[in-house]
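**Q** This structure is in structure tokens; I'll ask about it shortly.
Please treat every number below as a calculation from the coordinates, not as lab data. Treat the numbers as computed from the prediction; the structure is a model and nothing was measured. Don't worry about glycine lacking a Cβ; one is built from the backbone with ideal geometry, like all the others, and counts go over all protein chains shown.
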Amino acid sequence: MRAPCRRSHRVRKTPYNDPIGMSPARAPRLRLTLLGGFEITSAKGGPLVLPTRKTHALIAYLALPAGRRHPRDELATLLWGGFDIDQARLNFRQCLFQIRKTLGRLADHVLARDGETVALNADAVDIDVARFERLVKEATPQALTRAAALYRGDLLSDLVGMEAAFEEWLRAERGRLREQALDAMTRLLAHQRQESDVEAAIQSAVALLTLDPLQEGIHRALMRLYAEQGRHATALKQYQLCVDVLARELRTEPEVETRQLYEALSQRRLSEGSAAAILVVEDESVTITVLEGLLRQADYDVTTARDGAEALRQLGLRRFDLIISDIAMPTLDGMRLLEIMNQRSIDTPIVFLTGLSGAEMEVQGLRLGAADYVRKPINREVLLARVKNVLGRVGRK
Amino acid sequence: MPETVDPAAIVASLGGSEALARQAAMAFLQEAPRLLARIGQALAANDPGALAGAAHTLKSAVGNFPAPAAVEAAHRLEERGRRGDLLDAEADRAALERALVPLSAALATLARS
């Protein structure tokens, strides 16, 4: 029986329209990374610096898939469609020259050229996209895990502002690979959940949401996974992230199933005696940082809102045990927030933050029904004592 | 004479947490120049409402740290804005900037730590 390598050497001598690089497994000369940004390194280690975006684009186009011969004029018009054909050809030749110069002695192994066509030799280059697609097709849990790790980001995510024809091709390829990644990670997540590998499932769900944060089903899966680990505050925080992204991207609210899950987790958290949930309403960044930090140090579950209007939205979405609110804020101030809460029979206790000239405000706030006030500058001991005191009055710790 | 601000006192005022002090310092160092610019713009545009708003926010930010002179300087500008009294307000703005120097230096030390 003949060794397959001999057949492959014959392939290399076939006419131009045959694919290039179908020889047997040889060690690749280059490694090409296209997922999450362009990077090319020699197999021996060092990165190679290709000087322009067009050189990146040309190598990437030739690599998807490698081995396919492309007429030179097709490549010239793909990358320089806005120029007349003579100028486009000249630019193409210069681009190819830059690549050859950078690759040096490797160029003849990597590039297959003749007067009419150019191709990338599939044997000479290890391409992350090709490996990714092979692993997705293989579809075993191990292969899907490796595929998920390979998908570091969208195809050529650092390449922008190219010619329209190239952009069109890139958009289609990005979409195709992204769909494969989503499909692979979804199958991997299902497998991990089946195997009760909660930690790995959380990682897959987080990666899926990084790719597509609008997948409400994945938000729910992640909430359940966190709850399984006993991380109730994180599970509820995930609901908040879901609410925020849906409001921002689609101007919509979560589905009934998601809200019901949130309610169920809230109840479970209460029955298990986990940390009280505090909504901090403040428009000034340093005070938000300080309040959030001090309260988290004391193991409270903290959510922040930038003004009264955002606070009302949060109160409509989930339960809080306590609100700590500034008074002077844009859009809807603290006093007005308390008035609206009274009108809507929202009985979450509110503690006001007051400044130097706060006495008048303190009296006004207490008359409106504020549970207490804390003066700025915030003293940690005073803040925590007052928070604990107010929470104790409503049966929380 | 400008007040002295001790980085250790800032850490102590935030419950002894160096991590929180660093986060707060970084937030302040990012926010303060923007608020000072807003104060400058309000004065240039002779807009007392905008001056009061920007000075109030800066006062609130400074109020998180043991720097009463800087808080007081921001408060003076805020009150000027509320009264609509912008005559010679430039002098108060300069005083605020001077009062912020030792606080910013202490916070920069914390942010680098």
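**Q** Under the rule of at least 5 residues apart or a separate chain, name every residue whose amide H is placed under 5 Å from the amide H of A:ARG375.
**A** Hits under the 5 Å cutoff: A:THR354.
**Q** In percent, what relative contact order does chain A have, based on Cα pairs under 8 Å that are 6 or more apart in sequence? Can you show the working numbers first?
**A** Values: 553 pairs, mean separation 39.3, N = 397.
Here the relative contact order equals 10 percent.
**Q** Okay, moving on. Whose amide H sits under 5 Å from the amide H of A:LEU155, counting only residues 5 or more places off or on another chain, with H placed in the peptide plane?
**A** Close amide H contacts, sequence-distant or interchain: A:GLY36.
**Q** Moving to a separate point now. Quick one: A:LEU135, B:LEU86, A:LEU222, fewest Cβ neighbours within 10 Å first, how do they rank?
**A** The most exposed by this proxy come first: B:LEU86, A:LEU135, A:LEU222.
**Q** I'd like the antiparallel share, as a percent to the nearest 5, of DSSP beta bridges with both residues in the protein assembly as shown.
**A** Numbers: 11 of 31 bridges.
Taking every DSSP beta bridge within the protein assembly as shown, about 35 percent pair in antiparallel fashion.
**Q** I need the trypsin sites (Lys or Arg not before Pro) found in segment A:251-301, filtered to DSSP loop residues with at most 15 other beta carbons within 10 Å of theirs.
**A** Values: sites: A:ARG251, A:ARG259, A:ARG268, A:ARG269, A:ARG296; in loops: A:ARG251.
Answer in residue order: A:ARG251.
**Q** What is the distance in Å between the Cα centroid of segment A:98-153 and that of segment B:1-52?
**A** The two parts, judged by their Cα centres, are 52 Å apart.
**Q** Given the rule -39500 (n - 2.57) for each run of at least 4 DSSP H residues, summed and divided by the residues of chain A, what is its mean residue ellipticity at 222 nm, to the nearest 500 deg cm²/dmol?
**A** Details: 17 runs with 222 residues, N = 397.
Helices in chain A give a 222 nm mean residue ellipticity of -17500 deg cm²/dmol.
**Q** Sticking with this one: Please give the charge dipole size of the protein assembly as shown, origin at the Cα centre, charges +1 on K and R Cβ atoms and -1 on D and E Cβ atoms. Round to the nearest 20 debye.
**A** Working: 68 positive and 65 negative charges, 504 e Å.
Around 2420 debye, computed over the protein assembly as shown.
**Q** Within a 10 angstrom radius of the beta carbon, how do A:CYS95, A:CYS242 rank from fewest other beta carbons to most? List each step's numbers first, then the result.
**A** Numbers: A:CYS95 22, A:CYS242 27.
So the residues, fewest neighbours to most, are A:CYS95, A:CYS242.
**Q** Here is a follow-up. How big is the gap, in Å, between the Cα center of segment A:318-388 and the Cα center of segment A:155-175?
**A** 51 Å
**Q** What is the dipole size for chain B, taken about its Cα centre, with +1 at each Lys and Arg Cβ and -1 at each Asp and Glu Cβ, in debye to the nearest 20?
**A** About 240 debye.
**Q** Something else now. Report the residues of segment B:70-94 in range of a label on B:ASN46: point 7 Å along Cα→C-beta, backbone N strictly under 12 Å from it.
**A** B:86-87
**Q** Then there is this: Hey, rough spin-label estimate for B:ARG83 and A:GLN194, points 7 angstrom out along Cα→Cβ, what's it come to in nanometres?
**A** 7.6 nm
**Q** Nearest 10 degrees is fine. How inclined is helix A:85-103 to the longest principal axis of chain A, computing both from alpha carbons?
**A** Rounded to the nearest ten degrees, it is 80.
**Q** Sticking with this one: In nm, give the distance between the simple-model label positions of A:GLN240 and A:ALA43, each being 7 Å from the Cα along the Cα-to-Cβ direction.
**A** Those two pseudo-labels are separated by 5.2 nm.
**Q** Still on this structure, please answer the following. Sticking with the crude label model, points 7 Å out along Cα→Cβ, report the distance from A:HIS109 to B:ALA94 in nm, one decimal please.
**A** For A:HIS109 paired with B:ALA94, the spin-label model returns 7.1 nm.
**Q** Given R₀ = 60 Å, FRET efficiency for A:ASP84-B:GLU18 by Cβ-Cβ distance, to 0.05?
**A** On the way: r = 64 Å, r/R0 = 1.06.
Given R0 = 60 Å and the Cβ-Cβ separation, E is 0.40.
**Q** What do you get for the angle between helix A:285-297 and the principal long axis of chain A? Use alpha-carbon atoms, 0 to 90 degrees, nearest ten.
**A** Roughly 80 degrees between the two axes.
**Q** Relative to the first principal axis of the alpha-carbon coordinates of chain B, what is the inclination of helix B:48-62, with its axis defined by its Cα atoms, in degrees from 0 to 90 and to the nearest 10?
**A** Helix B:48-62 and the main axis of chain B meet at about 10 degrees.
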